[in-house]
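Peer 1: Pasting in a structure now, in structure tokens, and then I'll have a few things to ask.
Rule-based calculations on the coordinates, nothing more; no lab input. Treat the numbers as computed from the prediction; the structure is a model and nothing was measured. Positions of Cβ are backbone-derived with ideal geometry, glycine not excepted, and every protein chain shown enters the neighbour counts.
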Amino acid sequence: MAAFRFAFLLQLALDEREEASRAMQAAQASWLLAKSKLEQVDGFRTEYRARLANQAQTGISITQWRDFQLFLAKLDAAAIQQNDEVVRLGHEYERRKIDWQDCERKVKAFEALKDRHEKGEIKKENQREQKMLDEFNSRFGRES
């Protein structure tokens with residue numbers, strides 16, 4: 001059977017797909033971690049606002065009120081920054097996913113060529129066997 005002439009390219013495509021898969025998984029993990037941190041910051045903000053509301057009902061000093069407001073402003077800024085990071089990492093994950101899909105298409109194309117090559121080789125082998133069988137039968141038939 002003749003060797004598949006694109007075997008090297010198929011192997012390169014498989015290696016590229018594997019690397020793209022690892023990069024996509026790493027990007028997804030970073031994105032999910034950033035989302036988790038954003039949820040954590042949002043939880044802190046909600047909890048801190050509730051604490052401010054509770055203490056405001058019982059009475060707090062102007063200094064405490066200002067400190068609460070300053071801390072809430074820092075939490076708001078952190079939430080905005082973390083949200084920007086989630087968006088950035090989400091785009092990075094989508095880009096890596098598209099790269100992986102491109103690699104997957106390339107692998108599928110080379111695998112289709114390999115399958116076609118193997119089927120062609122099997123067909124040639126079957127034709128050779130049939131020809132040998134026909135020759136054997138024609139010789140054996142004349143001798144009888």
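Peer 1: Roughly how big is the chain's charge dipole about its Cα centre, with Cβ charges of +1 (Lys, Arg) and -1 (Asp, Glu), in debye to the nearest 20? Provide the component values of the computation, followed by the final result.
Peer 2: Working: 26 positive and 25 negative charges, 32 e Å.
Here the chain has a charge dipole of around 160 debye.
Peer 1: Treat each spin label as a single point 7 Å out from the Cα along the C-beta direction, and report the Y48 to K35 distance in nm.
Peer 2: Going by the 7 Å Cα→Cβ label model, 2.4 nm.
Peer 1: Sticking with this one: If you look at just the Cα atoms of the range 15-137, how large are its Rg and its Dmax in Å?
Peer 2: 31.0, 110
Peer 1: In the range 1-83, with Lys and Arg counted as +1 and Asp and Glu as -1 at Cβ, which of these residues, T63, A50, Q11, has the Cα nearest the positive end of the dipole, that is, farthest along it?
Peer 2: Selected residue: T63.
Peer 1: Now a separate question. List, in order, the whole-Hz ³J(HN,Hα) value for each residue of the range 47-54 obtained from phi through the Karplus relation with A = 6.51, B = -1.76, C = 1.60 and θ = phi - 60°; use x for Gly and Pro.
Peer 2: After applying 6.51 cos²θ - 1.76 cosθ + 1.60, I find 5, 5, 5, 5, 5, 4, 4, 5 Hz.
Peer 1: Can you give the relative contact order of the chain as a percent, counting alpha carbon pairs under 8 Å and 6+ residues apart?
Peer 2: Working: 71 pairs, mean separation 68.2, N = 144.
Computed over the chain, the figure is 47 percent.
Peer 1: Which residues among the range 77-112 fall inside the zone where the amide N is under 14 Å from a point 7 Å beyond the Cα of E19, along Cα→Cβ?
Peer 2: Backbone N within reach: 99-100, 103-104.
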